[in-house]
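The values are calculated or read from the model by the stated rules, or taken from the named source; none is laboratory data. Only a predicted model underlies this, so the values are computations on that prediction, with no experimental measurement involved. Here the Cβ positions follow ideal geometry from the backbone for every residue, glycine too, while neighbour counts run over all protein chains shown. Keep in mind that these areas ignore ligands, DNA and RNA; they rest on the heavy atoms of the full protein, side chains included. Shrake-Rupley method; radii C 1.70, N 1.55, O 1.52, S 1.80 Å.
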Amino acid sequence: MKHESSSAFLNATALEPAHTMRELRLPSDMGAEYCQPYNIPMGSELILLDDVGRKFGNFRSAGVQTDDIRGRVHVLQNTLSENTALVSDYQLAEMEKAKRFFPREENPDWEVSDVALTPEKKDKAERNLAYAVAIRDLAAERGVEAKRGLMEEAAAKLAVSLGEPKPPTYNTLKKYYEIYISGPYNLLAALAPGSSSGNKNRGYSDRFEQLLRACCHMAWQQPKGTWRTVKRIFLKQLEKPEFADIAVEVLDADGQLTCADITIQRRFYAVDRYTRKLLRYGGRAAKRLFDGRTRRPLPDVVLDEVEVDYTTVDANVWSDDAPIAFGRPKILLFRDRKSGVLLGYHIFFGNPSLEAFLAGLHHAIYPKDMTRFPGYRYPYFGKPLVLIFDNDSHLLTDDVKHACDVLGIVHRAVRPGEPTDKGAVERFIRTLNDYLFHNVPGSTQSNPKRRNLFDKDKQMAVPQLKLSELEAFLVAFICGEYHVHPVGGLGLTRVMKDVPAYVWSKSILDVKMRPPVNPQTFIALAGHRKKVTIQNGMVRWDYLTYAHPDLAMLETRPEHRAAEPGVATTTYDACRSFLGIDRITLIDHFSKRTIEVPICDGDRAYATGKRLFQHEAALKKYRAWLKKEPLDTVDLQRAFDAHISDLDQMHAVRNSQKTAEALAAFHHDMLKKRRTSRVVEVAHSAAASAKHINYEDPLKPEPVASGSMHDAPTNPPSTPREVYVPDENGNLVKSDPLAESVPKRGKSPPEPVEIAVETDPDDDLDALLDKWKGYDK
């Protein structure tokens, strides 16, 4: 497109518009009773900025109201969303102080800040201000309205003192005075002479600029291309029919270009130096000469850029309820670059595919179901703007790119030979393997050479993790360790650390809005399609039965044909999601609608929670055992029950490696870290400080006393657990100075407890025994 000033982003209209006041994060309203009111005429417009200068709101004043609580407030209406908000004078004062509030001027020249005036314009503005002030002072001295005669008299006196040959004309003086009394936001800018309107020649169309830019790039690709090469290529392109509209715009009757050569020269030399070297000499030469340009800063807000990568887990995985070994799994990860948060993941087997990618993206976009993982929170989700991939051939396919295009996501690959462009997710993968999976008993490690370093009795390279355990390990590490501890590269500088959860909570308020996504789009992109028939209101697919009342209604339609001699049964298109086999989507081509058909009650226990690869592995195992096809899920489960010894053998290997105990210990450590790392507010009072603090769970309320005299608390709330005081010999002994203040409640507990009694050096043994007997009574 046309080249614009490098400082254009500083203009408020170039920022992202805000639709609500919440996006602008106004300062708190306090001290309004001591605030001077602002004069904002009804119908005038003003601009409010957020606290970081990324968003702006254009508001129109709808008057002033008096609130019982806040006092005088301005009614501001957003010109974009038509939302109305109440803003107090104190809030406007705070925003004006922070340079976040300024009125919208009628004249665009007045919106220039006084600081931005050149010395010449500033001198002229101050001279014009002097004339306006002279007119004001003379009118105030005489107590009359400023008329023509008074203006000319005041101007003549000032011109003599300034040494000017003659004062400005009456119309000019009137303009200066009216500008002055109107009180513009930038007074000197309003009184400064106006700018020239600039080049009045018409600009070229966007299609002209796009074609000329492409020709410039083609010229830079040639070893000795110049601006003349651009002109020659441009004329050849105009001969093509698809550029006929541009030819009409820039060619005269003789077929000559009407645009000047200087225009082509400016566009040719406007290409930056890095792109020049890239087009002419290749990527390696450009990176060698301009290595500083290859560094990529963090995005402004979360969900702007998300890195995608996968790793192979160094452990074998098998089914939870059947003797089926799936092998070494892979985990696809989606990491937000701004906050470092893991937006989502997907566990799969085999090579990365479109199904695995869409399953992980589905997990990243939508809220997580954490019912299977009590004690953990995973509140991070959202649709990314850009997905960054490495140059793995499995993730750079046309299908993956097409899926991103359909979902409105930009597909971007890192530069070849530059793995550091995606180094953060690479580092996370290495941490995940070293910290988590390599420490699990029975780990296969990353290669055979490293595996040989371990003892043979650890039984490397055998199945030892169930699929549910693998996901539990992963969730415990992500939610209990990674998200809540400092991570490098997220702080104020790239070498400083910050906590991913904290960075997300700060930046999520500035995230860009997104349109809704139809979840069925995922099924349309990678779902399994098949022609099915309806029989008795049910559909059979891979020995699973799906039923829905709407299927019975379809069978009653006159267009539907049942199985009869000589008549073909009506078939319907059905899709099955890669996320689970517990439902299918049937397309009713008569009414052009879709029907979600759930699994029938008889197969629900088998299909709930199972993914397609698990069902396919179960069918493969059944065929290998019995050399035939199963009848239904009952027949499938009966075969697994007959081979229960294989499952017992897998359990024995797993028990010998104590994988379950390792998982339980890891889960306990993660929960304990979360509890002990919480900040506890300490009360600074003597009474509150005497209470015992439960550091394991400081927010747990104290038990309420029942009121019974036989229900005495073991540790009274107001009594310290143990205190040391000096005895008669100067030695520190245990004591409780508040023991006497505790009310005596019934009999002592059946278990012996330690009771501190104040002693006196003059007491003899009989007196001490009397005190004990009195306490017992």
Could you grab the pairs with beta carbons closer than 6 Å, sequence gap of 6+ or different chains, first residue in region 362-387 and over 14 Å from Ser339 (Cα atoms), second one of a type in the set (Val, Ile, Thr) and part of a loop (DSSP other than H, G, I, E, B)? Leu387/Ile409
Count of region 607-632 residues which are among the small types (Gly, Ala, Ser) and in contact (Cβ under 8 Å) with a residue 60 or more places away in the chain: 3
Selection status of Glu242, under 14 Å from Arg207 (Cα atoms) and open to solvent by 80 Å² or more (accessible area, probe 1.4 Å): yes
From the list Gln237, Gln256, exactly one residue is polar (S, T, N, Q), open to solvent by less than 40 Å² (accessible area, probe 1.4 Å) and free of Cβ contacts under 8 Å to residues at least 60 places away in the same chain. Which is it? Gln237
For His346, indicate whether it is within 23 Å of His615 (Cβ to Cβ), within 19 Å of the chain's Cα centre (by Cα) and open to solvent by 30 Å² or more (accessible area, probe 1.4 Å). no
If you go through region 144-157 one residue at a time, do you hit one that is open to solvent by 60 Å² or more (accessible area, probe 1.4 Å), of a type outside the set (Lys, Arg), outside any helix (DSSP H, G or I) and within 19 Å of Lys121 (Cα to Cα)? no
Among residues belonging to region 527-541 that are open to solvent by 50 Å² or more (accessible area, probe 1.4 Å) and touching a residue at least 24 places away in the same chain (Cβ under 8 Å), point out the one that is farthest from Val302 (Cα to Cα). Gln535
Looking across region 78-97 at residues that are over 30 Å from the mean Cα position of the chain (by Cα) and small (Gly, Ala, Ser), the single one that is surrounded by the fewest Cβ atoms within 10 Å (Cβ to Cβ) is Ala93
Which condition number does Ala214 fail, the rest of (1) under 18 Å from Lys121 (Cα atoms); (2) among the hydrophobic types (A, V, I, L, M, F, W, C); (3) modelled with pLDDT of 85 or more being met? (1)
List the residue pairs whose Cβ atoms are under 6 Å apart, where the first residue sits in region 556-568 and is assigned to a strand (DSSP E or B) and surrounded by fewer than 10 Cβ atoms within 10 Å (Cβ to Cβ), the second is modelled with pLDDT under 80 and among the aliphatic types (A, V, I, L, M), and the two are 6 or more positions apart or on different chains. none
Which condition number does Pro27 fail, the rest of (1) open to solvent by 40 Å² or more (accessible area, probe 1.4 Å); (2) in contact with an Asp or Glu (Cβ under 7 Å, 6 or more places away or on another chain); (3) farther than 18 Å from Asn78 by Cβ being met? (1)
Look through region 278-304, keep the residues that are over 20 Å from Val503 (Cβ atoms) and modelled with pLDDT of 85 or more, and return whichever of them is most open to solvent (accessible area, probe 1.4 Å). Tyr281
Within region 409-440, can you find the residues that are farther than 24 Å from Val313 by Cβ, at pLDDT below 85 and in a loop (DSSP other than H, G, I, E, B)? Arg415, Pro416, Gly417, Glu418
In this structure, does Ile262 turn out to be in contact with a helix residue (DSSP H, G or I) (Cβ under 7 Å, 6 or more places away or on another chain), assigned to a helix (DSSP H, G or I) and modelled with pLDDT of 90 or more? no
Selection count where residues are of a type in the set (Val, Ile, Thr), open to solvent by less than 10 Å² (accessible area, probe 1.4 Å) and in contact with a helix residue (DSSP H, G or I) (Cβ under 6 Å, 6 or more places away or on another chain), scope region 324-343: 1
Can you pull out the strands (runs of 3 or more DSSP E) entirely within region 38-106 that have at least 2 residues that are in contact with a helix residue (DSSP H, G or I) (Cβ under 7 Å, 6 or more places away or on another chain) and within 26 Å of Lys512 (Cα to Cα)? 45-49, 55-67
Give me the residue from region 480-526 that is among the polar types (S, T, N, Q) and in contact (Cβ under 8 Å) with a residue 40 or more places away in the chain and, out of that set, most open to solvent (accessible area, probe 1.4 Å). Gln520
Here is a list: Val400, Val386. Which entry is more than 16 Å from Phe522 (Cα to Cα), of a type outside the set (Phe, Trp, Tyr) and open to solvent by less than 30 Å² (accessible area, probe 1.4 Å)? Val386
Being modelled with pLDDT of 90 or more and on the phi < 0 side of the Ramachandran plot narrows it down to one residue among Ala159, Ala140, Ala192, Ala125; which is it? Ala159
